[in-house]
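A.B. asks: Sending over a structure as structure tokens; questions will come in a sec.
The values are calculated or read from the model by the stated rules, or taken from the named source; none is laboratory data. In this text the structure is predicted, and so the values were computed from the model without any measurement. Neighbour counts are summed over all protein chains in view; Cβ atoms, including those assigned to glycine, are modelled from backbone coordinates with ideal geometry. Protein only, heavy atoms only, side chains kept; ligands, DNA and RNA dropped before computing areas. Shrake-Rupley method; radii C 1.70, N 1.55, O 1.52, S 1.80 Å.
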Amino acid sequence: MIKLKKGFVFLRYKHTPMKTAVYAGSFDPITLGHLDIMLRAAKLFDTLYILVTNNIDKKTTFSVDERVQMIEKVTAQVPNIYVKSTNDLVVRFAEQHKVDTLIRGLRNVKDFEAEIALYHFNRNINQNIETIILFPSTIHTYVSSSAIKELVHFDSDISKYVPEVLIKDIVKGIKSKQLK
């Protein structure tokens, strides 16, 4: 037992329980920034769920199934990653799957404002689920799904920003959506 502050005790256990986390997002489409966070989080947790969500404020280009398939394609070699989807709150998915940690990516101040609000909402729903912020690697700091869509719209190269194996599918999906 370690005493940290008056009234606060931290118990050290001999056995560390298996840790499970969820990294959720719309991933429309998945970027190398997303993949960077997925792979780094997979090193930190025994089980990592990548959760494809529907953001009610965003009009998506790819269906949930297409986004799940893209993520499965680029994470297939990572044995502790499981790709799922939900139409519910992420914290409810976490409760149902006995997940104790939510992973969030944070690129800039704008992201911070949204993430801190989300953190407090999630804590109000379930204070036993912790949130951990991971920052993207420097080369992915300004990569976003919206920027990818804009680059494709203007026929620019996206190879520095998305997994190579998905480039053709992403370009085709974005171009076909523009034609509608």
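A.B. asks: Consider just the alpha-carbon atoms of segment 69-177 and return their Rg together with their Dmax, both in angstrom.
C.D. replies: When restricted to the Cα atoms of segment 69-177, Rg and Dmax are 16.4, 46 Å.
A.B. asks: Report the extension gain between residue 153 and residue 57 in nm, rounded to one decimal, defined as 0.36 nm multiplied by the number of residues separating them, less their alpha carbon distance.
C.D. replies: 32.5 nm
A.B. asks: Normalised by the number of residues in segment 65-180, what is the relative contact order in percent for Cα pairs under 8 Å and 6+ residues apart?
C.D. replies: 21 percent
A.B. asks: Still on this structure: Taking only the C-alpha atoms, wrap a convex hull around segment 41-128 and report its volume per residue in Å³ as a whole number.
C.D. replies: 122 Å³
A.B. asks: OK, next. Taking amide H atoms as placed 1.01 Å from N in the peptide plane, list the residues 5 or more away in sequence, or in a different chain, whose amide H sits under 5 Å from that of residue 49.
C.D. replies: HN-HN under 5 Å from residue 49: 21, 22, 23, 82.
A.B. asks: Starting from the 7 Å offset along Cα-to-Cβ, what nm value, one decimal, do you get for the label separation of residue 114 and residue 134?
C.D. replies: 1.8 nm
A.B. asks: With a 1.4 Å probe and every protein chain kept in, tell me what percent of the accessible surface of segment 32-94 is carbon plus sulfur.
C.D. replies: Answer for segment 32-94: carbon and sulfur cover 47 percent of the accessible area.
A.B. asks: With the convex hull built on the Cα atoms of segment 77-134, state its orientation-averaged projected area in nm².
C.D. replies: Average of the hull's projected areas for segment 77-134 equals 4.8 nm².
A.B. asks: While we're on this one: So which of 19/160; 84/177; 98/177; 84/149; 98/175; 19/172 end up more than 29 Å apart, counting from Cα to Cα?
C.D. replies: 19/160; 98/177; 98/175; 19/172
A.B. asks: Residue farthest toward the positive end of the dipole of the chain, with Cβ of Lys/Arg at +1 and Asp/Glu at -1: which of 122, 27, 68?
C.D. replies: Checking the options against the dipole of the chain, the answer is 122.
A.B. asks: Express the accessible area of the chain per residue in Å², computed with a 1.4 Å probe while the remaining protein chains stay in the model.
C.D. replies: Accessible area per residue, the chain: 65 Å².
A.B. asks: Output the direction-averaged projected area (hull surface divided by four) of the convex hull of the alpha-carbon atoms of segment 113-180, in nm².
C.D. replies: Result: 6.9 nm².
A.B. asks: Cut-off under 15 Å on the C-alpha distance; same-chain residues fewer than 8 positions from residue 168 excluded. Which aspartates and glutamates are left, in chain and number order?
C.D. replies: List returned: 28, 66, 155, 157.
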